[in-house]
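Asks: My structure is below; once you've seen it, I'll send some questions.
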Amino acid sequence: GVSLFMGVLRQRCYDDATGEAHEDDRVCAIDSPGLYQCPDGFTCKADGPNPFFGVVSFDNFPDALLQVFQTITMATWSELLYPLMDSVSPYVFIYFFILILVISFFALNLMLAAIEDTFSDESEKAEEEQKVHERKQQLEKRQQKRELAVKLTAEKKKNRRMSATEQSLAHFMNASEQHFSSER
């Protein structure tokens with residue numbers, strides 16, 4: 001855009017006699033087939049300010065980049081198109097058509113697809129991490145159940161041993177009583 005449109009948005013009509021700017025402050029065509037030619041008694045000169053308080057211009061690379069960004073986002077790009085058509089040529093629309101068609105619809109959708117792909121990858125990673133976390137919790141619960149089962153089994157064995165000991169003691173006591181009673 002810089003090489004095509006540098007300085008053209010500064011072109012305004014000036015009165016030949018007084019040198020004052022025309023009252024409509026419209027961008028004009030100097031030596032090009034632009035759509036707006038100065039009225040009689042006025043000459044088009046590149047001495048005016050850039051439109052919109054100097055923000056809209058192709059005079060340097062950062063400003064041109066801003067205009068390209070504005071065009072590809074399709075935000076008020078027509079406010080840039082019409083002054084360029086007035087000052088350069090009615091065929092400037094081809095530049096904007098290419099920007100919008102190629103970059104806006106193709107490149108921005110490509111970028112959105114890349115962002116979506118990255119998001120889905122991250123989403124899959126998060127789901128996988130969630131599954132791993134759930135699996136760890138299941139394994140911990142199983143381990144706790146096993147430990148509890150081992151403890152219960154040990155207690156049952158201990159209780160069985162105590163019961164056997166108690167039974168032996170009771171048997172010994174009965175045998176002792178029978179022995180003492182037979183002796184009497």
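Asks: Being in contact (Cβ under 8 Å) with a residue 40 or more places away in the chain and among the charged types (D, E, K, R): is that true of Asp86 here?
Replies: For Asp86, the condition - in contact (Cβ under 8 Å) with a residue 40 or more places away in the chain and among the charged types (D, E, K, R) - is met.
Asks: Could I ask something else about it? Which of the following residues is modelled with pLDDT of 90 or more and surrounded by 10 or more Cβ atoms within 10 Å (Cβ to Cβ): Glu129, Glu122?
Replies: Of the residues listed, the single one that is modelled with pLDDT of 90 or more and surrounded by 10 or more Cβ atoms within 10 Å (Cβ to Cβ) is Glu129.
Asks: Take the residues in segment 73-95 that are at negative phi, of a type in the set (A, V, I, L, M, F, W, C) and part of a loop (DSSP other than H, G, I, E, B), then tell me which one is most open to solvent (accessible area, probe 1.4 Å).
Replies: Here the residue is Trp77.
Asks: Starting from segment 37-56, keep only residues that are on the phi < 0 side of the Ramachandran plot and modelled with pLDDT of 85 or more, then list their pairs with residues that are among the acidic types (Asp, Glu) and surrounded by 14 or more Cβ atoms within 10 Å (Cβ to Cβ) whose Cβ atoms are within a distance under 7 Å, requiring at least 6 positions of separation or different chains.
Replies: Pairs that qualify, where the first residue is on the phi < 0 side of the Ramachandran plot and modelled with pLDDT of 85 or more and the partner is among the acidic types (Asp, Glu) and surrounded by 14 or more Cβ atoms within 10 Å (Cβ to Cβ), are Phe42/Asp15.
Asks: Can you find, within segment 37-72, the residue that is most open to solvent (accessible area, probe 1.4 Å) among those that are out of contact with any Gly (no Cβ under 8 Å at 6 or more places or on another chain) and aromatic (Phe, Trp, Tyr)?
Replies: Ranking the qualifying residues of segment 37-72, first place goes to Phe53.
Asks: Then there's this: Quick one: is Gly34 open to solvent by less than 20 Å² (accessible area, probe 1.4 Å) and outside any helix (DSSP H, G or I)?
Replies: The answer is yes for Gly34.
Asks: Here is a check on your reading of the model: is Gly34 over 40 Å from the mean Cα position of the chain (by Cα) and within 19 Å of Phe93 (Cα to Cα)?
Replies: So Gly34 fits the description; yes.
The values are calculated or read from the model by the stated rules, or taken from the named source; none is laboratory data. Please read these numbers as outputs of a predicted model, since none were measured by experiment. Heads up, the Cβs are rebuilt from the backbone with ideal geometry, glycines too, and the neighbour counts pull from every protein chain shown. We work out accessible area using only protein heavy atoms, side chains counted, and drop any ligands, DNA or RNA first. Shrake-Rupley method; radii C 1.70, N 1.55, O 1.52, S 1.80 Å.
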